[in-house]
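Comments concern the structure below.
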Amino acid sequence: SFYYGTFPAGFLWGVGSSAYQTEGAWDKDGKGPSIWDAFTHKKGKVFRNETGDSACDGYYKVKDDIQLLKELKVNHYLFSISWPRIMPTGIKTEKLNEKGIRFYNDTINSLLENNIIPIVSLYHWDLPQALQEKYGGWQNISMINYFNDYANLCFEKFGDRVKHWITFSNPWAVAEKGYETGEHAPGLKLGGCGAYKAAHHIIKTHAKVWHSYNNTWRRAQQGMVGISLTSGWGEPVDPRSQPARDAAERYIQFHLGWFANPIYRGDYPEIMKNYVGRKSAQQGLGRSRLPTFSVQEKTYIKGTSDFLGIGHFTTRYVIEKSFPFLQTSGYHTDCGLAELVDPKWPAPGPDWLYSVPWGFRRLLNFIKTQYGNPLIYVTENGVSEKVQCTQLCDEWRIEYLKGYINEILKALNDGVNVKGYTAWSLLDKFEWNKGFSERFGFYHVDFKNRNKPRYPKASVDYYKKIISANGFPNPREVENWHQAAMDTCSTTHQLLATDSLITHMEMVTEIVLPTVFTLCILTSIVLIIFYLRNH
């Protein structure tokens, strides 16, 4: 049932984005190539072979986009720094890019001038390509020191103003999609060990960066360093069945626990160690494909998070599943489960994102119980639509936000320590291997127009009302928000239609008229030549 009430005073409301998905300017002003530049420039890797080369042109539209943030009335903006934009090769001693550093300084300053708190992620997947080519990226332990150098440069240049740092955004996707399935950059399919090895190095890197901040910067800067982990909720398909309950537990531990357990409890989840170890033994391997932490490393890693960032989008029902013995077992067969969905769950966009708000409350309560009720910031939560035509009256997004935010309010009443919420995302943007086919934005971006104009969807008006009221005060007021939001999107649709017509006419003017003029000149020349020949 829906719960009417407000959030605690001081609760932070925000919206997020990431560098590669929005900035564009992939090779401008001294920026080095990232693994996503290299990946998207290969044919067949991304839907319709689209790239983030120009994305939303966010590099050139900082002030415009900050006006959108002001319009939304958010308290904070979560964005990421592009490592190769400030360190073109990823190595501090080789080269620094002052123009890149200036860009992020200007962005941070503009946010603060407009009373918007910057929450900064150091890594949202765009590893410098040079480090991938030289060392194999996150498969190599040397990344720990290179990333630590990069993080310390960011603390030095921006830490006097940035007080909320995220080391890694959704490292699960970096490891699993980058080094196991190859769906994401760098596109490697390394089978049984690839994802585990990448994750192992990422966890160690996170810990080193936290200690660097703690020892060198914390006293002067008084900030916080955390990590952002994205996980769905796994619900047993039959709560009375022990095998189903065990499978649901494995689902959470193989997603969230893979990274959270070492940071909060000092080691990988026992169930993960047991399952991967057993599968490795069945393959005749001398040791588990899941790496181990030494006693010193466990102590070093445990407790290295001032807050836990949580990204959450959807839920699955989970059942136990036995996979036939495979010589090439990997992450997906190790956990011994299958995922199901309820056909009644709303699925407004892609086939993976079902709207199941109640799963969010359960996930937040699991974190409270499992990890000692840490300070939580929700760092990613939102829903996309598949683009067939422009959809500004995004009623499904309003329902999604209303449901999921309300579950956070319920979790707060359960005693979960949530201090902020970041809706995903500010703009329609480049969605990794899906290209521009999925759109998460509060603001529609017209990518066909060279100026990439932004248009507010109905959800902008609705989210703004939630922020202003700090929750859901009463049924009548909340119902009025919905109607007002739908009214505003109709007006915006008319504006978009007019702008599209103007853009189309400009294209006609710029392309068709010069072509016709050229043809007229050529025809005249031919006629003159023909006339002169006859005379």
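As a summary of the residue check, Ser425 satisfies the conditions (1) under 22 Å from Thr6 (Cβ atoms); (2) open to solvent by less than 10 Å² (accessible area, probe 1.4 Å) except for the one numbered (1). Checking Thr492, Thr509, Thr503 one by one, the residue that is crowded, with 17+ Cβ neighbours inside 10 Å, at pLDDT below 85 and farther than 22 Å from Gly14 by Cα is Thr492 and no other. Looking across region 24-34, the residues that are open to solvent by 10 Å² or more (accessible area, probe 1.4 Å) and in contact (Cβ under 8 Å) with a residue 60 or more places away in the chain come down to Asp29, Gly30, Lys31, Pro33. Filtering Val418, Val445 for residues that are under 23 Å from Leu363 (Cβ atoms) and β-branched (Val, Ile, Thr) leaves a single hit, Val418. For region 136-151, taking the residues that are out of contact with any helix residue (DSSP H, G or I) (no Cβ under 7 Å at 6 or more places or on another chain) and part of a helix (DSSP H, G or I), the one that is most open to solvent (accessible area, probe 1.4 Å) is identified as Asn145.
If you filter region 342-364 down to residues that are out of contact with any helix residue (DSSP H, G or I) (no Cβ under 6 Å at 6 or more places or on another chain) and either hydroxyl-bearing (Ser, Thr, Tyr) or part of a helix (DSSP H, G or I) (or both), you find that the one that is modelled with the lowest pLDDT is Tyr354. Figure legend. Inter-residue proximity from region 222-235: first residues over 24 Å from Ile252 (Cα atoms), second residues open to solvent by less than 10 Å² (accessible area, probe 1.4 Å), beta-carbon distance below 7 Å, spacing 6+ or different chains. Indicated pairs: Gly223/Gly159; Gly223/Val162; Gly223/Trp165; Met224/Trp165; Met224/Phe307. Considering region 377-405, the residues that are in a loop (DSSP other than H, G, I, E, B) and among the small types (Gly, Ala, Ser) include one that is surrounded by the most Cβ atoms within 10 Å (Cβ to Cβ), namely Ser384.
Of all residues in region 339-376, those satisfying the criterion of being without any contact (Cβ under 8 Å) to a residue 40 or more places away in the chain and either open to solvent by 40 Å² or more (accessible area, probe 1.4 Å) or of a type in the set (Gly, Ala, Ser) (or both) are Val341, Pro343, Lys344, Ala347, Asp351, Trp352, Thr369. For region 217-235, taking the residues that are over 15 Å from Val162 (Cβ atoms) and open to solvent by 20 Å² or more (accessible area, probe 1.4 Å), the one that is nearest to the chain's Cα centre (by Cα) is identified as Thr230.
Could you check region 454-474 and list, in sequence order, the residues that are open to solvent by 30 Å² or more (accessible area, probe 1.4 Å) and at negative phi? Within region 454-474, Arg454, Pro456, Lys464, Lys465, Ser468, Pro473, Asn474 qualify. How many residues, within region 1-23, are open to solvent by 40 Å² or more (accessible area, probe 1.4 Å) and either outside any loop (DSSP other than H, G, I, E, B) or in contact with a Gly (Cβ under 6 Å, 6 or more places away or on another chain) (or both)? Summing the residues that are open to solvent by 40 Å² or more (accessible area, probe 1.4 Å) and either outside any loop (DSSP other than H, G, I, E, B) or in contact with a Gly (Cβ under 6 Å, 6 or more places away or on another chain) (or both) in region 1-23 gives 1.
Here is a yes/no grid of residues against (1) of a type outside the set (D, E, K, R); (2) under 21 Å from Thr314 (Cα atoms); (3) open to solvent by less than 20 Å² (accessible area, probe 1.4 Å); (4) in a strand (DSSP E or B):
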position	(1), (2), (3), (4)
Ala411	yes, yes, yes, no
Val416	yes, yes, yes, no
Gly420	yes, yes, yes, yes
Asn433	yes, yes, no, no
Gly441	yes, yes, yes, no
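Check region 315-325 and report whether any residue there is among the β-branched types (Val, Ile, Thr), under 30 Å from Ile166 (Cβ atoms) and within 19 Å of the chain's Cα centre (by Cα). Checked against the condition, which is being among the β-branched types (Val, Ile, Thr), under 30 Å from Ile166 (Cβ atoms) and within 19 Å of the chain's Cα centre (by Cα), region 315-325 yields at least one hit.
Considering region 53-79 alone, what residues qualify as being closer than 18 Å to Asp461 by Cα, without any contact (Cβ under 8 Å) to a residue 60 or more places away in the chain and either acidic (Asp, Glu) or buried (at least 20 other Cβ atoms within 10 Å of the Cβ) (or both)? Within region 53-79, no residue meets the criteria. Residues in region 80-109 that are out of contact with any Leu (no Cβ under 9 Å at 6 or more places or on another chain) and open to solvent by less than 10 Å² (accessible area, probe 1.4 Å): Ser82, Arg85, Gly100, Tyr104, Ile108. Summed over region 258-268, residues that are out of contact with any strand residue (DSSP E or B) (no Cβ under 9 Å at 6 or more places or on another chain) and farther than 14 Å from Tyr331 by Cβ total 5.
One line per residue, one yes/no per condition, for (1) in contact with a helix residue (DSSP H, G or I) (Cβ under 9 Å, 6 or more places away or on another chain); (2) modelled with pLDDT of 95 or more; (3) open to solvent by less than 20 Å² (accessible area, probe 1.4 Å):
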site: Glu176; (1), (2), (3): yes, yes, yes
site: Ala195; (1), (2), (3): yes, yes, yes
site: Ile203; (1), (2), (3): yes, yes, yes
site: Tyr213; (1), (2), (3): yes, yes, yes
site: Arg265; (1), (2), (3): yes, yes, no
site: Asn274; (1), (2), (3): no, yes, no
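Selection of region 158-172 for residues being closer than 23 Å to Ala130 by Cα and either assigned to a helix (DSSP H, G or I) or modelled with pLDDT under 95 (or both) yields Pro171, Trp172. For region 288-330, a residue qualifies if it is modelled with pLDDT of 95 or more, aliphatic (A, V, I, L, M) and assigned to a loop (DSSP other than H, G, I, E, B), and exactly one does: Leu290. Within region 416-423, does at least one residue satisfy the condition of being within 30 Å of Lys42 (Cα to Cα) and among the hydroxyl-bearing types (Ser, Thr, Tyr)? No; the residues of region 416-423 include none that is within 30 Å of Lys42 (Cα to Cα) and among the hydroxyl-bearing types (Ser, Thr, Tyr).
Arg278: under 30 Å from Val356 (Cα atoms) and open to solvent by 10 Å² or more (accessible area, probe 1.4 Å), yes or no? So Arg278 does not fit the description; no. When region 237-256 is limited to residues that are open to solvent by 10 Å² or more (accessible area, probe 1.4 Å) and within 27 Å of the chain's Cα centre (by Cα), the one that is nearest to Trp210 (Cα to Cα) turns out to be His255. Only residues that are part of a helix (DSSP H, G or I) and among the small types (Gly, Ala, Ser) were counted in region 90-135, giving 3.
The values are calculated or read from the model by the stated rules, or taken from the named source; none is laboratory data. Keep in mind the model is a prediction, meaning the values are calculated, not measured. Methodologically, a virtual Cβ is constructed for each residue, glycine included, from the backbone with ideal geometry; neighbour enumeration extends over all protein chains shown. SASA here: full protein model, heavy atoms, side chains in, ligands and nucleic acids out. Shrake-Rupley method; radii C 1.70, N 1.55, O 1.52, S 1.80 Å.
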